[in-house]
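Where a number appears in this text, it was derived from the coordinates with a stated rule and is not lab data. All figures in this text were calculated on a predicted structure; none of them were measured in a lab. Here the Cβ positions follow ideal geometry from the backbone for every residue, glycine too, while neighbour counts run over all protein chains shown.
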Amino acid sequence: MIINGKEISLKVKDEVKQEVERLNEHGKRVPTLAVILVGRNPASMTYVKNKEIGCRYVGIGSIKIEMSEQTTQEELLKQIYTLNADNTVDGILVQLPLPAHIDEKTVIEAIDPKKDVDGFHPVNIANLFLGKEGLLPCTPYGMMVMLESIGYDLEGKEVVVVGRSNIVGKPVALLALSKSATVTIAHSRTKNLKEVCQKADVLIAAVGVAKMFDDSYIKAGAVVLDVGMNRDENNKLCGDVDFEKCKNKAQAITPVPGGVGPMTIAMLLHNTLKAYKLRENIE
Ligand code: NDP
């Protein structure tokens, strides 16, 4: 089975859209997402544009704040404090990466955790760690929704996550653990990576190396989630998994593009609505 991220993400977006419409009908204000873009990194500009398109689709208000590459950290923090204090703003997202002279950690920590729709703030990470209500990081959350949507129960399953970044590898491992999977986190120093991957009922590839995982890494009947977004030798977008080689051996697999990628924006919109509801005390 090919897990269709476009279809599943559309379902998530349509649910958000319906809920926003319902709020509108009850005379409530529209949830609003503010996105800050520092500099003109072409990939970042595309991501920000796609977030605006997503907001428009579901009826969430969007504010785009473009700041120059030369913006100082203090100026950026000041902008964040203004948005923190603005009661009409429910979500704040600072598009990463930031220019080298700005410290990402300091910037993320400046965002009000209640408006941290990326789920990167230490308070939200702690909530995830403790299994408390909070805003979950979008890409890992999206993968959980994908598994749910194909009716896959993680309880007791062997999950191997390759990659230990704070934004993908570690949080998706915690989410799988919270669903009672037995979780292994592998990384660049893992010995016998192939053998480790071969025992996985669910293999999550979040490395950033084009087509690194061929069918020799996966157990027959495994579920394979590919987070990687890379360019192959022909400059075509591809994942960390060699899709053509693995698609017949896996029980279910996500393609790139059209797999995990579309889920990220869908979950961002979901998080913005959730942040709004939590702040407004709406069930
Ligand atoms: P990072 O570069 O932060 O982390 C990569 C991880 O992979 C590290 O933990 C690293 O190990 C590990 N790694 C690197 N090379 C190897 C190797 N040869 N064998 C085993 N492990 C290895 O990346 P991100 O987590 O931010 O992103 C991973 C991929 O996912 C990228 O392609 C990125 O573009 C994509 N991505 C996609 C998103 C989406 O929406 N679909 C969202 C976010 C990311 P170590 O820690 O030891 O260095």
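Which whole-number percentage describes the relative contact order of the chain, with Cα contacts under 8 Å and a sequence gap of 6 or more?
Numbers: 551 pairs, mean separation 61.0, N = 283.
For the chain, the relative contact order is 22 percent.
When only C-alpha pairs under 8 Å and at least 6 residues apart count, what is the relative contact order of region 26-111, in percent? Spell out each step's value before the answer.
Working: 111 pairs, mean separation 35.5, N = 86.
Normalised by residue count, the contact order of region 26-111 is 41 percent.
If you line up the long axis of helix 260-280 against the longest principal axis of the chain, both from Cα atoms, how many degrees apart are they, to the nearest 10?
So the inclination is approximately 40 degrees.
Under a point spin-label approximation (7 Å from Cα along Cα-to-Cβ), what is the I2-A220 distance to one decimal in nm?
2.3
With only alpha-carbon pairs counted, each pair once and no self-pairs, how large is the Kirkwood hydrodynamic radius of the chain in angstroms? Write down the numbers at each step before the final one.
Values: mean 1/r = 0.0512 Å⁻¹.
Result for the chain, one decimal place: 19.5 Å.
Can you count the Lys pairs in region 26-111 with C-alpha separation below 19 Å, eight or more apart or on different chains? Intermediate values should be presented prior to the final figure.
Values: K49/K64; K51/K64; K64/K78; K78/K105.
Step by step, the pairs that qualify in region 26-111 add up to 4.
Between H26 and N84, what FRET efficiency follows from the Cβ-Cβ distance if R0 is 22 Å, with the result rounded to 0.05? Provide the component values of the computation, followed by the final result.
On the way: r = 26 Å, r/R0 = 1.20.
Calculated value: 0.25.
For region 126-283, what is the percent of antiparallel DSSP beta bridges, rounded to the nearest 5? It would help to have the intermediate numbers written out before the result.
Working: 2 of 18 bridges.
In region 126-283, DSSP labels about 10 percent of beta bridges as antiparallel.
Who wins for biggest fluctuation among V48, V207, V159 in a Gaussian network model of the chain, springs between alpha carbons below 10 Å?
So, out of V48, V207, V159, the one fluctuating most is V48.
Can you give the helix-only mean residue ellipticity at 222 nm for the chain, where every DSSP H stretch with n ≥ 4 adds -39500 (n - 2.57) and the sum goes over all residues, rounded to the nearest 500 deg cm²/dmol?
Values: 10 runs with 120 residues, N = 283.
One gets -13000 deg cm²/dmol as the mean residue ellipticity at 222 nm.
Suppose every Lys and Arg Cβ carries +1 and every Asp and Glu Cβ carries -1, with no other charges. What dipole size does the chain come out with about its Cα centre, to the nearest 20 debye? Before the final figure, lay out each step's value.
Numbers: 35 positive and 36 negative charges, 55 e Å.
I would put it at about 260 debye.
Mark the label point 7 Å from the Cα of I53 along Cα→Cβ and return the residues of region 1-36 whose backbone N is within less than 17 Å of it.
Only 5-14 pass the distance filter.
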